[in-house]
Amino acid sequence: MRWFTLVTAVIVTLSMVFYHAPASAQTPLERVIEAAKKEGKITTYADYAYEEAKDIQAAFNKRYPFIKFEHVSLGAAMSWLAC
């Protein structure tokens, strides 16, 4: 359930970042996906372990095989730095 919350938070955050773009036929999520294709990767920073990140990565790669998924584990003690 944590991975779903994280992925949802990433998508919502990225949607808000790209929301200011001029109106077009694309939805905010479609613009985020297009930008991610150009970037080529997404990096998550979170306090969950690599084992949990593997599940998230598998789901992400299944949905977006054209975007590389990277994970940086901050550890529970360091999670406050990501805020």
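What follows draws every value from the coordinates through simple rules; no lab data is involved. Since the structure is predicted, the reported quantities are computational estimates derived from the model, not experimental observations. Heads up, the Cβs are rebuilt from the backbone with ideal geometry, glycines too, and the neighbour counts pull from every protein chain shown.
Taking amide H as placed 1.01 Å from N in the peptide plane, the amide H of His71 sits under 5 Å from that of Thr44, each at least 5 places away or on another chain. The label point for Asp55 and the one for Val72, both projected 7 Å from the Cα toward the Cβ, are 2.4 nm apart.
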